[in-house]
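Taking it in order: structure first as structure tokens, then the write-up.
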Amino acid sequence: MRVRVRLDLAYDGSAYRGWARQPDHPSVQQTVEDALTLVLRLDEPARLTVAGRTDTGVHARGQVAHVDLPDDLELDPEPLVRRLDRALPDDVVVRALAAAPEGFDARFSAMRRRYVYRLWDLPSGPDPLHRNHIVHHPRPLDVSAMNDAAVGVLGENDFAAFCRRREGATTIRTLQQLTTRRTDSRIVETTVVADAFCHSMVRSLMGALTAVGEGRHEPAWMARVLGARTRDPRVKVMPAHGLTLEEVEYPADARLAARAEEARSFRGPLEADSALDSED
């Protein structure tokens, strides 16, 4: 028998080739799985399922994963978190660990993911202490125009124009929020919320928004790109290091299993089972 455990994670993605384990390159998944296997003295390697497979260089404050462990292990959360902290490098942190509610699936039970992309649009660069988390964009951006453009791509749409296609995988997503603001520290901060994301979707949306913000295209152009349902060479995929997964939201415990089944059915068997799917 096995017990499912939820982990809440944060990491600086600078040193990793994304979340997903891959040969010959460091990944966040391998780093956490190796620490779990070591600390719990498992006979078989731990295998994590994650809410969003972040891409190379993308960061996370609110990542969520689950792992199925033998039910005869002693899983006292606080001491285990402390032991994992000693086993993990400084750029990966397990913030919390607990037995998961019945029906919980870190990936498919999720209702929505919230990412934030951060830009600095002054001629000189951002604070050097934040250079790995904020993209320097030396041309001024019109935040109001960016928000006008965002309205045209909200809702359930085929985001093929902003995704890297994979055979058999849907590019239909529900974009719930796309808003940009200038913070007190002059950072241009875009919040992106959707039920899920396909590969490179957030950074491609940011490429279109910055093109509008620079004045190279009028706000209505972004909706026309979406409607074409094909990649547009004028849409730049923005650098990864400006992107952070801030939060993953789940329904009430009684709805976890149903939500997971809905998500699997909607996304189809290939996308549901693929180990290569990346959500940005």
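Just so you know, all these numbers are worked out from the coordinates, no wet-lab data involved. Everything quoted here is computed from the prediction, not taken from an experiment. For neighbour counting, all protein chains shown are included, and Cβ atoms are generated from backbone atoms with ideal geometry for every residue, glycine included.
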TODO: Consider just the alpha-carbon atoms of region 112-246 and return their Rg together with their Dmax, both in angstrom.
DONE: 14.1, 44
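Could you calculate the contour length gain from ARG182 to ALA15, that is, 0.36 nm times the residue separation minus the distance between their Cα atoms, to one decimal place in nm? Kindly include the intermediate steps, with their values, before the conclusion.
Values: separation 167, 0.36 × 167 = 60.12 nm, distance 2.82 nm.
In short, 57.3 nm is gained.
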Task: Highest to lowest packing among 191-198, 77-84, 94-101, scored as the average C-beta count within 10 Å - done: 191-198, 94-101, 77-84
Open item on the list: At 0.36 nm per residue, and after removing the present C-alpha to C-alpha distance, how many nm does the segment from ARG165 to ASP253 gain when stretched out fully?
Closed with: 28.4 nm
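Could you calculate the FRET efficiency of ARG47 with ARG229 from 1/(1 + (r/R0)^6), where r is the beta carbon distance between them and R0 is 45 Å, rounded to 0.05? Before the final figure, lay out the partial values.
On the way: r = 36 Å, r/R0 = 0.79.
With R0 = 45 Å, the Cβ-Cβ based efficiency is 0.80.
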- [ ] With a bin width of 10 angstrom, please list the P(r) values of region 2-109 as percents of all Cα-Cα pairs, from the 0 bin to the one holding the largest distance.
- [x] 15, 52, 30, 3
Task: Neighbour cut-off at most 15 other Cβ (10 Å), DSSP loop, trypsin sites (Lys or Arg not before Pro), region 132-222 - done: ARG164, ARG165, ARG186, ARG216
Open item on the list: For the pair ARG86/ARG112, report the inter-label distance in nm, with labels modelled 7 Å from Cα in the Cβ direction.
Closed with: 4.1 nm
TODO: Consider just the alpha-carbon atoms of the chain and return their Rg together with their Dmax, both in angstrom.
DONE: 19.3, 61
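Please sort through the DSSP H helices of the chain and keep those with an alpha-carbon extent of at least 24 Å along the long axis and a Kyte-Doolittle average not below 1.6. Walk me through the numbers on the way to the answer.
Values: long enough: none.
Qualifying helices: none.
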